[in-house]
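The values are calculated or read from the model by the stated rules, or taken from the named source; none is laboratory data. This one's a predicted model, so the numbers in the text were calculated from it and none came from an experiment. Neighbour counts are summed over all protein chains in view; Cβ atoms, including those assigned to glycine, are modelled from backbone coordinates with ideal geometry. Side chains included, ligands, DNA and RNA excluded: accessible areas come from the protein's heavy atoms. Shrake-Rupley method; radii C 1.70, N 1.55, O 1.52, S 1.80 Å.
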Amino acid sequence: MTDTTYREPDASLVTITNVTYALHALGLAIGAFGTASVVGAFLFGWPSIIAVIINYVKRDDARGTWLESHITWQIRTFWFALLWALVIGAVGALLAIVLVGFAIWIVGFFALGLWAIYRIARGWMALRDRRAESPFRRLVPHLSLLLQALIIILGALALARPSGAARLPE
């Protein structure tokens, strides 16, 4: 393995990165303890939107420092959450006709909310430890989580199948 050397970031940039993690965490907490969903508050709530804007503004300042990985981590968490929310929403809408879509929405958005909480918590802990967050090193556990969610969704589909669908015509 190669050891990457980073330049030391300004203390103010470390503070700003902590603030953006706090804003994302606030968005998740509003969803968890408020009337909104975790994913809805994370994607469409002001705290997370402000955090993503700050991340894009400070991205160039963080280039070459270990904070660059944290800013990338937060941006990717936001956009991948939006992508998966759209996929879950579309698949659920297509299958809502046979009532399975409602299960897909519930299970899918719940799993996506847990994933977002995990990503923000994991990144913030790495920031606290002053280490870079490697998106590619963390890819394998996320694939496992996504495969588990897919298995749960397929199980829900199998259980929601009408009882007459399994019978052969007489």
*asked:* If I go through region 105-161 residue by residue, how many of them are at pLDDT below 70, closer than 30 Å to Tyr6 by Cα and of a type outside the set (Ser, Thr, Tyr)?
replied: 9
_Just to check your reading of the model, which residue among Phe80, Phe102, Phe109 is open to solvent by 50 Å² or more (accessible area, probe 1.4 Å) and closer than 27 Å to Ala62 by Cβ?_
Phe80
*Filtered residues of region 93-119 (kept if part of a helix (DSSP H, G or I) and over 16 Å from Val38 (Cβ atoms))*: Ala93, Leu94, Leu95, Ala96, Ile97, Val98, Val100, Gly101, Phe102, Ala103, Ile104
*Assess whether Thr77 counts as being touching a Pro at 6+ places or on another chain (Cβ under 8 Å) and outside any strand (DSSP E or B).*
no
_Scope region 17-44; condition in contact with a helix residue (DSSP H, G or I) (Cβ under 6 Å, 6 or more places away or on another chain) and open to solvent by 40 Å² or more (accessible area, probe 1.4 Å); matching residues_ = Leu26, Ile30, Ala32, Ser37
*Only listed residue being assigned to a loop (DSSP other than H, G, I, E, B), crowded, with 16+ Cβ neighbours inside 10 Å and either within 18 Å of the chain's Cα centre (by Cα) or not hydroxyl-bearing (Ser, Thr, Tyr) (or both), chosen from Pro9, Pro47*: Pro9
